[in-house]
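The values are calculated or read from the model by the stated rules, or taken from the named source; none is laboratory data. Worth saying up front: this structure is predicted, and the values here are computed from it rather than measured. With ideal geometry, Cβ positions are generated from the backbone for all residues, glycine too; neighbour counts draw on all protein chains shown. These area figures cover heavy atoms from the full protein model, side chains too; ligands, DNA and RNA do not enter into them. Shrake-Rupley method; radii C 1.70, N 1.55, O 1.52, S 1.80 Å.
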Amino acid sequence: MKTNEREQKILEILRERQFASVSFLATNLYTSPSSIRRSLTRMQNAGLVRRNYGGVILSDNEKKTATPDVRIEQQKSQKKAVAQKAAALLRPGMTVFLDSSTTCAYMVEHIAQISDITVFTNNLRTAAKLVESSVDTYCIGGHCEKNAALTVGRYAEGMIRELCADIFFFSSQAISKSGVITDCSAEETAIRKAMFENAKKRVFLCDSSKFDHTSVHRLCNIKDVDEYFFDKDFEIN
């Protein structure tokens, strides 16, 4: 495999998995670990990737190239199916945490059908759609992530810790075979942890494109959530 082709394949793998070890890349690209390391050094110098924890992740610039407009369309039918399943848990009078994921954005149409419901979210686009649907909505204040239309940081975390929700719907970028739920963003993971700790019930939504993957920042284990909804069966060890 030529160098340019190998490095393009590495980017494709990272866009799918968010994190990969040198040994994983070597095995899947039929290349020696030393060749993979040389490629990663070149890619890091070019600002495409960042070496981390025995492997590599996309650089901050590269991993954010998928805009919310792009991500909301990715696995759209699967995300909608998952959201529809999770909507069965909604009840009148509930206070709801919604995370910043595009999967949870598909909960809006179902929430709008429930009376006397209050939603707190750090996703600005989701908040706008909820308001358009006449849902009582609070936007979590904090630092606005560039090109992401969401809020993160200590101000957002502080606001969340002053609240108590009946239910927390959330997604993340990856779930491993052992049930560990992870994400490439430390900031979004911190917000999810705050919501997780301040909700009576935690519900994980995940489409099958995230199965059997691992990213850098650990949120929780599937055993820690109260309920979860997938679009396909996934055997967790």
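Of all residues in the stretch 212-237 being within 14 Å of V82 (Cα to Cα) and part of a strand (DSSP E or B), which is most open to solvent (accessible area, probe 1.4 Å)?
Y228
Just one of A186, A199 is open to solvent by less than 20 Å² (accessible area, probe 1.4 Å) and either within 25 Å of G153 (Cβ to Cβ) or touching a residue at least 24 places away in the same chain (Cβ under 8 Å) (or both); which is it?
Going through A186, A199 in turn, just one is open to solvent by less than 20 Å² (accessible area, probe 1.4 Å) and either within 25 Å of G153 (Cβ to Cβ) or touching a residue at least 24 places away in the same chain (Cβ under 8 Å) (or both): A199.
Residues being open to solvent by 20 Å² or more (accessible area, probe 1.4 Å) and not in a strand (DSSP E or B): count how many of those fall in the stretch 150-183.
13
In the stretch 115-129, what residues are on the phi < 0 side of the Ramachandran plot, outside any helix (DSSP H, G or I) and either charged (D, E, K, R) or open to solvent by 40 Å² or more (accessible area, probe 1.4 Å) (or both)?
Answer for the stretch 115-129, where residues must be on the phi < 0 side of the Ramachandran plot, outside any helix (DSSP H, G or I) and either charged (D, E, K, R) or open to solvent by 40 Å² or more (accessible area, probe 1.4 Å) (or both): just S115.
Please find, within the stretch 202-211, the residue that is farthest from L150 (Cα to Cα) out of those that are open to solvent by 20 Å² or more (accessible area, probe 1.4 Å) and in a strand (DSSP E or B).
Checked the stretch 202-211; the qualifying residue farthest from L150 (Cα to Cα) is F211.
Residues being modelled with pLDDT under 95 and either closer than 16 Å to S208 by Cβ or in contact with a Ser or Thr (Cβ under 7 Å, 6 or more places away or on another chain) (or both): count how many of those fall in the stretch 178-190.
Summing the residues that are modelled with pLDDT under 95 and either closer than 16 Å to S208 by Cβ or in contact with a Ser or Thr (Cβ under 7 Å, 6 or more places away or on another chain) (or both) in the stretch 178-190 gives 4.
Mind listing just one residue for me: the one in the stretch 130-149 that is exposed (fewer than 15 other Cβ atoms within 10 Å of the Cβ) and in a loop (DSSP other than H, G, I, E, B) and, of those, farthest from the chain's Cα centre (by Cα)?
So the residue we want is S134.
Which of the numbered conditions does A186 fail, given that it passes all the others? Conditions: (1) touching a Gly at 6+ places or on another chain (Cβ under 9 Å); (2) under 30 Å from I13 (Cβ atoms).
(1)
What strands (runs of 3 or more DSSP E), lying completely within the stretch 1-110, carry at least 1 residues that are surrounded by fewer than 15 Cβ atoms within 10 Å (Cβ to Cβ) and modelled with pLDDT under 90?
Those strands (runs of 3 or more DSSP E) span 49-52.
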